[in-house]
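Only the coordinates and a few stated rules stand behind these numbers; no lab work does. Worth saying up front: this structure is predicted, and the values here are computed from it rather than measured. Every residue, glycine as well, gets a Cβ built from its backbone with ideal geometry; the counts of neighbours run over all protein chains shown.
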C-alpha cells in the first residue's frame with residue numbers, strides 16, 4: 001500500500017508541476033530576440 | 001534517410017514493441033494492463049479535466065473574434081467541398097470503430113449499469129455514455145490538435161510537425177529543441193500503436209463478418225491471418241501512389257456504405273423506437289455533456305471505477321493516440337477554412353452523426369433485449385465482435401448488409417493505414433508534405449507488424465490497454481501545443 005501511495009504521489013506531483021509549467025509558459029513574456037524571430041517568420045510567410 | 005536519429009529511434013521503439021508482442025503477446029498485454037491501471041487510477045482526474053477544458057476551449061474559440069481567422073493566408077480558399085471534407089475527417093477519425101461498437105458499446109454499458117438501476121434507465125444512460133465517448137470530447141481532442149497544426153503550418157509557414165508550434169512560439173532554444181524532439185517521437189509512437197489497434201479491431205470485425213457469411217464457428221487465428229494478409233496486400237499499392245484524390249474516393253465510398261447501412265437499419269428495424277431513442281438521446285446528451293465531462297466516479301464502488309477506467313478513460317486516451325494522426329490529416333484537408341467554420345464542422349457534424357449512428361444501432365440492440373427477448377446479451381458476452389452482425393442477421397437482406405459491413409470495415413482500415421503511413425513518414429522526414437515512397441512502405445510494414453501483435457493478443461481488452469499505455473504521454477503534448485496556439489493567437493489582430 002505505501003508503495004502505491006508513493007507512486008500515486010509522484011505521478012500527481014508530475015502533473016501539478018506540468019500544469020504550473022503551462023501556466024508559466026502562457027504568461028511568460030517573450031524575449032525581444034524571440035519576438036523579432038517570430039515577426040520575421042510572419043513576414044516571410 | 002537513416003541518418004535521421006528521430007526516425008531511427010522511432011522505428012526501433014515501435015519495432016521493439018512489435019517484437020515483444022510477437023514473442024510474448026500475453027506478457028505485453030499483462031504489462032500494458034497493469035501500467036494503464038496505475039496511470040488511470042492516479043491521473044484519471046487529469047485526463048477528464050484536460051479533455052473537458054479542450055471542449056470548453058473549442059466552444060470559446062468558435063464564438064470568439066478569433067473564429068474569423070483563416071487557417072491559411074487571408075485569400076486561401078478550401079481545397080475540398082464541405083461534404084467531401086466532412087466525410088474524410090469522419091472516416092479518418094472514427095472509421096472502423098463505429099462498425100465495431102455500434103451495438104456492442106451501448107449494450108456493454110447497459111450490462112454494467114443495470115446492476116445499479118432499472119433496465120429502462122440503464123438503457124438511457126448506456127446510450128448517453130456511448131454518445132459521450134464518441135461526441136464532443138473525442139472531437140475536441142482531434143479539433144484542437146488539428147487546429148494547432150493547421151494554424152502553424154498554413155498561417156505561420158511552419159513544417160507540419162507536432163514540435164513546430166513549440167519552436168515557433170518559444171524560439172529555437174535547447175529546451176524547445178529537446179521537448180520538440182520528444183513530442184515528435186511520442187506522436188509517432190502513439191500513432192503507430194493506435195493504428196495497430198485499429199487494424200486488429202478491423203480484422204476482428206471482418207473475421208466475424210466472414211464467419212457469419214460462411215457459417216463458420218470460432219475459426220480462430222487462421223482466418224484472422226488470411227484477412228490480415230489480404231489487408232496488407234491491399235494497402236501496398238495506395239502507399240506507392242499519390243494519395244490525395246484516391247484517399248478521398250476510398251473514404252467517401254466507406255462513408256457512403258456506412259451511411260447506407262445506417263438508413264437501412266433505421267428503416268428495416270423498429271423505426272418508431274429508433275427515432276424516439278435518437279430524439280431522447282439528443283436532448284439527454286446536450287443537457288448533460290459538459291457536467292459529465294468532469295465526472296470521475298470517485299465515490300462509487302470498485303465495479304464502477306473499473307468500468308470507468310476500461311471505457312471512458314480508455315476511449316479518451318484512444319482519441320489522444322489518434323490525435324496526432326487525425327489532427328495532421330484534418331489540418332491538411334482544412335486549409336482555407338476559418339477557425340469558426342473548422343471548429344463547428346469538426347465538432348458538431350461528427351457528434352450529430354455519432355448520436356444518430358449509436359441511436360440506430362444501439363436502440364436496435366435495446367429493442368432486442370427489452371422488447372423481444374432476443375439473445376443479444378449472450379452474443380455480446382460470448383463474442384463481442386459478432387454483435388453488429390447478430391443485429392444485421394435479424395433484419396432482411398442480411399447477407400447483403402453483412403457483405404457491406406465487411407467491405408466498409410476493410411476500406412476504413414485501408415484508408416487509416418495509408419493515411420497513417422503518410423503522416424508517420426512526414427513526421428520522420430521533418431514535415432515534408434511529400435515523403436518518399438520507401439519511407440511510407442517501411443511505416444506500412446511496421447504498422448502491419450503492430451497490427452499483427454494486437455491480432456495475436458486475440459482480445460479487444462488487450463488492444464485497448466496497449467493503446468492506452470502508448471497514448472497517455474500524449475495528453476501532455478496536446479496541452480503544451482494548445483498553450484502555443486493561445487499564445488500565438490494573442491498576437492493576431494481581430
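In whole angstrom, how far apart do the alpha carbon centroids of the stretch B:246-280 and the stretch B:301-346 sit?
The distance from the Cα centre of the stretch B:246-280 to that of the stretch B:301-346 comes to 22 Å.
For B:479-488, what's the mean count of beta carbons from other chains sitting within 10 Å of each residue's beta carbon?
The shielding value for this peptide is 3.
Okay, which of the stretch B:276-306 sit inside 16 Å, backbone N to the point 7 Å along the Cα-Cβ direction of residue A:12?
Counting only backbone N, you get B:296-300.
Give the peptides A:8-21, B:391-404 in descending order of average Cβ contacts within 10 Å, highest first.
By packing density, highest mean first, the sequence is B:391-404, A:8-21.
At a 10 angstrom cut-off on C-beta neighbours, averaged per residue, how do the peptides B:46-58, B:73-85 rank from highest to lowest?
Packing proxy ranking, top to bottom: B:46-58, B:73-85.
Binning at 10 Å from 0, report for the stretch B:444-494 what percent of all alpha-carbon pair distances ends up in each bin.
Answer for the stretch B:444-494: a P(r) of 21, 29, 22, 17, 11, 1 percent.
If packing is taken as the mean number of other Cβ atoms within 10 Å per residue, what is the order of B:13-24, B:425-436, B:294-305, highest first?
B:425-436, B:13-24, B:294-305
By how many degrees, 0 to 90 and rounded to 10, does the Cα axis of helix B:244-268 deviate from the longest principal axis of chain B?
The angle comes out at about 30 degrees.
Per residue, how big is the convex hull around the C-alpha atoms of the stretch B:247-319? Give it to me in cubic angstrom, could you?
Per residue, the Cα convex hull of the stretch B:247-319 comes to 154 Å³.
Per-residue Cβ counts within 10 Å, from other chains only, averaged over B:153-159: what number is that?
Going residue by residue through B:153-159 and averaging, the value is 2.
Using only DSSP helix segments of four residues or longer, with each worth -39500 (n - 2.57), what per-residue ellipticity at 222 nm results for chain B after dividing by its residue count and rounding to 500?
Helix contribution divided over all residues of chain B: -26500 deg cm²/dmol.
Where does helix B:119-134 land angle-wise versus the long Cα axis of chain B, in degrees 0 to 90, nearest 10?
Result, in degrees: 20.
Convex hull volume of the Cα atoms in the stretch B:5-490, per residue, in Å³?
About 135 Å³ per residue, rounded to a whole number.
In peptide B:338-347, what is the residue-averaged number of other protein chain Cβ atoms found within 10 Å of each Cβ?
Rounded to a whole number, the mean comes out at 0.
Calculate how steeply helix B:437-457 sits against the longest principal axis of the alpha-carbon atoms of chain B, using the helix alpha-carbon long axis, and give the answer as 0 to 90 degrees to the nearest 10.
Roughly 30 degrees, rounded to the nearest 10.
Hey, any idea what the orientation-averaged projected area of the convex hull of the protein assembly as shown's Cα atoms comes to, in nm²?
If you wrap the Cα atoms of the protein assembly as shown in a convex hull and average its projections, you get 24.1 nm².
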